[in-house]
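What follows is a set of notes on a single structure, which appears directly below.
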Amino acid sequence: MDTTILEDLGLTKAEIKTYTTLLELGDATAGPVLKHSHLQSSVIHRCLNSLIEKGLISFIQEGKKRIYKATNPENFYSFIDDKKKRFTELLPELKQKQANAKETHVATIYKGKKGISEIYTQILNTKGKEYNTFGGGRKVTYDIMGKTWWKNLHTKRIARKIRSRQIFDESIRAFGNELNKRPYSQVKFLSQDFAQLTETVIRGDTVGIIIFTEHPYGLIIKDLTVAESYQKNFELLWKKATT
């Protein structure tokens, strides 16, 4: 069972092991949980207390013994809602701190597929007339992020009515032709020799350069002068590209 989503929600691996062990055991004292989880006694007791505080397990007191029970897994929805509520309350302060901060750098590096997703999300959130890209290729489209991921990205873009001009190479013409049929989308093509493992994205004063190796990474450059320079390169390629 893949429980990494529970780590994303803020549970430690020991808490996850304790919780899932209790799900399997039903009602149990700390002893059986200790035996079946293979965790240390001090860790088990710490996890039991923290899971009680989070509302993910309950207990009844029978004499000197506590009998624990995992709550319904659907209680995670309440756990998530509570986190969301607390974050919503904190968000205005975080945004104010960001607004008050002086710009100390213009380039930020991101790693991994989650980092790549963050780059594209930030670029969609950037103000600008168009979303323009060049580069990429068959390996980028199908092997690294997957065709479904790219379709979902453009669905988000189109839903926000962000117009795009994109330059693909001939190896992904089929995907480009599909995209050309969608609103706010225009794709042109260069020869397959143009295929590469990088994609450059330009929007407003922001440039994203993404390198799709086995362990992908990329960077965002927020600088109007740099963005205008890359936009000029894009326009030259756009004139050479064909439909």
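The values are calculated or read from the model by the stated rules, or taken from the named source; none is laboratory data. Quick caveat: nothing in here was measured; it's all calculated off a predicted structure. Cβ sites come from the backbone with ideal geometry, for glycine too, and all protein chains shown count toward neighbours.
Quick notes on this structure:
- The condition (being free of Cβ contacts under 8 Å to residues at least 40 places away in the same chain and outside any helix (DSSP H, G or I)) is satisfied by just one residue among Phe168, Phe189: Phe168.
- When residues in region 68-94 are screened for being surrounded by fewer than 16 Cβ atoms within 10 Å (Cβ to Cβ) and either in contact with a Lys or Arg (Cβ under 8 Å, 6 or more places away or on another chain) or closer than 14 Å to Thr21 by Cβ (or both), 2 of them pass.
- If you go through region 192-243 and keep only what is among the small types (Gly, Ala, Ser) and either assigned to a helix (DSSP H, G or I) or closer than 18 Å to Tyr142 by Cβ (or both), you end up with Ala195, Ala227, Ser229.
- One residue stands out in region 127-162 among those that are β-branched (Val, Ile, Thr) and not in a helix (DSSP H, G or I): the one that is surrounded by the most Cβ atoms within 10 Å (Cβ to Cβ), namely Thr133.
- Residue-level analysis places Ile172 outside the set of residues that are aliphatic (A, V, I, L, M) and under 20 Å from Thr121 (Cα atoms).
- Within the option set Ile123, Ile167, Ile144, being over 17 Å from Phe194 (Cα atoms) and either at pLDDT 90 or above or not assigned by TED's automatic domain parsing to the domain that holds Ile221 (or both) holds for one residue only, Ile123.
- The listed residues are Lys83, Lys69, and the only one of them that is farther than 21 Å from His45 by Cα and in contact with a Leu (Cβ under 8 Å, 6 or more places away or on another chain) turns out to be Lys83.
- Taking the numbered list (1) in contact with a strand residue (DSSP E or B) (Cβ under 6 Å, 6 or more places away or on another chain); (2) in contact (Cβ under 8 Å) with a residue 24 or more places away in the chain in turn, Glu118 passes all entries but (2).
- Residue match in region 78-96 (condition: hydrophobic (A, V, I, L, M, F, W, C) and within 30 Å of Leu224 (Cβ to Cβ)): yes
- Residue ranges of helices (runs of 4 or more DSSP H) in region 24-103 with at least 2 members over 28 Å from the mean Cα position of the chain (by Cα) and without any contact (Cβ under 8 Å) to a residue 24 or more places away in the chain: 30-37, 41-53
- Selection count where residues are within 18 Å of Lys65 (Cα to Cα), out of contact with any strand residue (DSSP E or B) (no Cβ under 8 Å at 6 or more places or on another chain) and of a type in the set (Gly, Ala, Ser), scope region 24-43: 3
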